[in-house]
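The next block holds one structure in the form of structure tokens; read it before the comments.
The values are calculated or read from the model by the stated rules, or taken from the named source; none is laboratory data. Worth saying up front: this structure is predicted, and the values here are computed from it rather than measured. Because the Cβ atoms are built from the backbone with ideal geometry, glycine has one as well, and the counts that use them run over all protein chains shown.
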Amino acid sequence: MTTSFLAACRKQPTDAVPVWFMRQAGRYQPEYQELRKRYSLMDIVRNPRVCQQVTSLPVEQLGVDAAILFSDIMVPIEAMGVTVEIKENVGPVIASPIRSKADVDKLRHLDTKQQLPYVLESIELLKGSLSVPLIGFAGAPFTLASYMVEGGPSRNYVFTKQLMWSHDDVWQSLMDKLGDMIIEFLTAQVKAGAAAVQLFDSWAGSLAPADYRRYLLPTMKRVFSALSKLGVPTIYFVGTNGQLLEPLSESGADVLGLDWRVPVAEARSRTSGRVAFQGNLDSTVLFAPWSVIEEKTREILDQATMEPGFIFNLGQSLVHHTPPVNPDTLRRLTEFVHDYSRSRLGAGRN
Ligand code: CP3
């Protein structure tokens with residue numbers, strides 16, 4: 001078992017910087033596209049053997065140091081009683097958005113074992129077969145709320161922010177229900193064998209720090225406090241997070257995702273060494289020539305290797321663009337991060 005990923009989450013020294021990629025399983029892989037001819041996204045999630053195969057593929061192909069369970073942030077939302085359709089090239093769509101107190105009151109409590117047994121079966125299968133730690137995950141309350149309240153992907157989150165600013169009680173009740181769901185879901189995932197957990201808050205970067213502190217931070221603190229009792233590292237990814245680093249570092253997460261707009265050394269100094277970081281390559285650099293990818297990666301690693309507690313990843317999820325990122329590029333990048341960081345860390349010790 002490669003444990004450098006878990007050590008880095010705990011800010012312990014490692015021989016090399018560990019690597020994985022957000023959304024490392026998906027359409028850029030010809031094998032995934034082949035499987036998708038026969039199975040929908042939800043078919044894969046509901047079929048533990050296929051889920052095991054899709055989750056393992058990037059580990060075998062890219063040589064990454066962690067696997068992330070193949071699922072989607074909307075899977076437990078369906079189980080709470082909201083009908084979700086995941087539309088290709090669009091994202092999750094909800095025909096009846098959640099906008100009133102009555103809508104929030106109707107949301108059901110999640111029972112993972114009863115309602116999503118296949119998620120736990122997939123984790124159990126993976127635990128027995130993977131050579132690297134498995135990351136379990138859930139969507140974070142703001143990002144989940146944004147899909148539920150808007151009814152689909154959004155640019156400005158008008159209905160979500162309107163609810164947040166206008167109806168404190170309804171907003172808090174929605175945050176409470178989503179917080180409870182996340183604690184239940186991730187606790188079940190860890191019991192089944194997940195070695196770390198990540199919360200995806202892709203759209204919370206749309207908030208100013210004061211609003212983040214007032215409307216989200218209390219819920220995030222409650223969630224991370226509950227998750228910390230599970231004894232596995234917790235990772236919190238927020239998209240476009242430069243302005244939020246200080247409040248995010250107070251959430252109680254062990255590791256923060258870091259986008260490419262803030263250098264690692266600055267992020268560390270602004271958070272006083274409270275957290276480890278995961279990031280922070282611009283995902284679209286993967287479409288540039290190799291020399292540019294290597295230069296940007298070297299710049300990140302020169303700073304990152306100054307202290308323990310860094311996991312190389314993208315600053316946001318892999319862009320599943322057409323033409324797609326070449327899997328060979330990701331394999332070469334993984335090897336480069338390992339080799340270059342090993343030489344830097346080895347040199348530091350002499
Ligand atoms: O390797 C992995 O990370 C796969 C597991 C995974 C998926 N979605 C599978 C998926 C994870 C961790 C997610 C998280 C997720 N889902 C997020 C947070 C991460 C991020 O990207 O910021 C969000 C915002 C969603 C909601 C969602 N689901 C979107 C925006 C999309 C893309 C729509 C599209 O077609 O481009 C989905 C669908 C989805 N989830 C796909 C996959 C592989 C594409 C489905 C397909 O066509 O096969």
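Any chance the range 104-127 includes a residue that's away from the ligand (no atom under 16 Å from the Cβ) and small (Gly, Ala, Ser)? Checking the range 104-127: not a single residue is away from the ligand (no atom under 16 Å from the Cβ) and small (Gly, Ala, Ser).
Out of everything in the range 147-186 that is part of a loop (DSSP other than H, G, I, E, B) and of a type in the set (Gly, Ala, Ser), what residue ends up being farthest from Ile77 (Cα to Cα)?
Going through the range 147-186, the residues part of a loop (DSSP other than H, G, I, E, B) turn out to be 151-157, 167.
With of a type in the set (Gly, Ala, Ser) added as a condition, the list becomes 151-152, 154.
Numbers: Gly151: 13, Gly152: 13, Ser154: 18 Å.
Filtering first and then ranking leaves Ser154.
Annotation: of all residues in the range 307-324 being more than 17 Å from the chain's Cα centre (by Cα) and modelled with pLDDT under 95, the one that is nearest to Gln29 (Cα to Cα) is Pro324. Residues being among the acidic types (Asp, Glu) and more than 29 Å from Leu126 (Cα to Cα): count how many of those fall in the range 196-235. Residues meeting the conditions: 1.
Being farther than 23 Å from Lys161 by Cα and among the charged types (D, E, K, R) is the filter here; which residues of the range 47-84 pass it?
If the condition is that a residue be farther than 23 Å from Lys161 by Cα and among the charged types (D, E, K, R), then Arg49, Glu60, Asp65, Asp72 are the ones that fit.
Take the residues in the range 299-328 that are free of Cβ contacts under 8 Å to residues at least 60 places away in the same chain, of a type in the set (Val, Ile, Thr) and within 16 Å of the ligand (Cβ to nearest atom), then tell me which one is surrounded by the fewest Cβ atoms within 10 Å (Cβ to Cβ). Result: Thr322. Summed over the range 1-30, the residues that are within 16 Å of the ligand (Cβ to nearest atom) and outside any loop (DSSP other than H, G, I, E, B) give a count of 3. Of all residues in the range 1-20, those being crowded, with 17+ Cβ neighbours inside 10 Å, more than 14 Å from His338 (Cα to Cα) and out of contact with any Ser or Thr (no Cβ under 6 Å at 6 or more places or on another chain) number 3. Selection of first residues in the range 127-150 that are closer than 18 Å to Glu85 by Cα and of second residues that are crowded, with 24+ Cβ neighbours inside 10 Å and of a type in the set (D, E, K, R), restricted to Cβ pairs under 8 Å at least 6 apart or on distinct chains, gives the following pairs, ordered by first then second residue: Gly139/Asp201; Thr143/Asp201.
Looking only at residues in the range 197-220 that are among the aromatic types (Phe, Trp, Tyr) and within 23 Å of Pro92 (Cα to Cα), the one that is nearest to the ligand (Cβ to nearest atom) is Phe200.
All of (1) in contact with an Asp or Glu (Cβ under 9 Å, 6 or more places away or on another chain); (2) within 11 Å of the ligand (Cβ to nearest atom); (3) farther than 30 Å from Gln162 by Cβ hold for Pro92 with one exception: (3).
Out of curiosity, is Ile98 closer than 24 Å to Gly239 by Cβ, buried (at least 23 other Cβ atoms within 10 Å of the Cβ), in contact (Cβ under 8 Å) with a residue 40 or more places away in the chain and not charged (D, E, K, R)? Against the criterion (closer than 24 Å to Gly239 by Cβ, buried (at least 23 other Cβ atoms within 10 Å of the Cβ), in contact (Cβ under 8 Å) with a residue 40 or more places away in the chain and not charged (D, E, K, R)), Ile98 qualifies. Could you give me the residue pairs with C-beta distances under 7 Å whose first residue belongs to the range 260-284 and is among the hydroxyl-bearing types (Ser, Thr, Tyr), whose second residue is outside any loop (DSSP other than H, G, I, E, B) and surrounded by fewer than 18 Cβ atoms within 10 Å (Cβ to Cβ) wherever it lies, and which are 6+ apart or on separate chains? Qualifying pairs under 7 Å: Thr271/Glu246.
Residue check: is Thr160 of a type in the set (Ser, Thr, Tyr), in contact with a strand residue (DSSP E or B) (Cβ under 9 Å, 6 or more places away or on another chain) and either closer than 22 Å to Leu248 by Cβ or surrounded by 17 or more Cβ atoms within 10 Å (Cβ to Cβ) (or both)? If you could, list the steps in order and put the result at the bottom.
Working: of a type in the set (Ser, Thr, Tyr): yes; in contact with a strand residue (DSSP E or B) (Cβ under 9 Å, 6 or more places away or on another chain): no; either closer than 22 Å to Leu248 by Cβ or surrounded by 17 or more Cβ atoms within 10 Å (Cβ to Cβ) (or both): yes.
Here the answer is no, as Thr160 does not meet what is asked.
Summed over the range 197-211, residues that are in contact with a strand residue (DSSP E or B) (Cβ under 9 Å, 6 or more places away or on another chain) and in a helix (DSSP H, G or I) total 2.
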